[in-house]
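Presented below is the structure to which this report refers.
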Amino acid sequence: MPQPNSIVIFEYLNDLHNPFNMKFLIVFVALFALALAAPSADVQTLRSESEVGPESYKYALETSDGTNKVEEGHLTNVGSENEAIAVKGSFSFVADDGQTYTVNYIADENGFQPSGAHLPVV
């Protein structure tokens, strides 16, 4: 036989057509996901650099868990109706298997184009 608390929760969730209950569930799930995705408290930033201009930017980040991120972007076709941003960068991280994975990428008018030794080639 279910415990009284589980009956209350089940009845509450069973009434999800109530807009308040649906909003509560969405907020609860979102907060739960954020809590799971939060970085470990013992990870420290070793290097953080950024430069932001009116038509370009670049940044670099390195953390004590082996994560590295570098990216730079600039506007192309400035002032035209085809104005866009072109981005080039890379990131690397140490996975659960202890191996370091690196992804290099370009993102421009041709889309996001990642490459890495561990990624399939199309």
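The values are calculated or read from the model by the stated rules, or taken from the named source; none is laboratory data. Because the structure is predicted, anything quoted here is derived from the model rather than measured. What goes into the accessible areas is simple: the full protein's heavy atoms, side chains included, and nothing from ligands, DNA or RNA. Shrake-Rupley method; radii C 1.70, N 1.55, O 1.52, S 1.80 Å.
Could you go through region 77-84 and let me know if any residue there is modelled with pLDDT under 90, part of a strand (DSSP E or B), within 30 Å of Tyr101 (Cα to Cα) and open to solvent by less than 90 Å² (accessible area, probe 1.4 Å). Scanning region 77-84 turns up at least one residue that is modelled with pLDDT under 90, part of a strand (DSSP E or B), within 30 Å of Tyr101 (Cα to Cα) and open to solvent by less than 90 Å² (accessible area, probe 1.4 Å).
Within region 54-71, the set of residues being more than 17 Å from the chain's Cα centre (by Cα), within 16 Å of Asp108 (Cα to Cα) and of a type outside the set (Gly, Ala, Ser) comprises Glu55, Tyr57, Lys58. Would you check which residues across region 90-113 are at negative phi and open to solvent by less than 50 Å² (accessible area, probe 1.4 Å) and list them? Once the filter is applied, which keeps residues that are at negative phi and open to solvent by less than 50 Å² (accessible area, probe 1.4 Å), region 90-113 yields Ser90, Ser92, Ala95, Tyr101, Val103, Tyr105, Ala107, Asp108.
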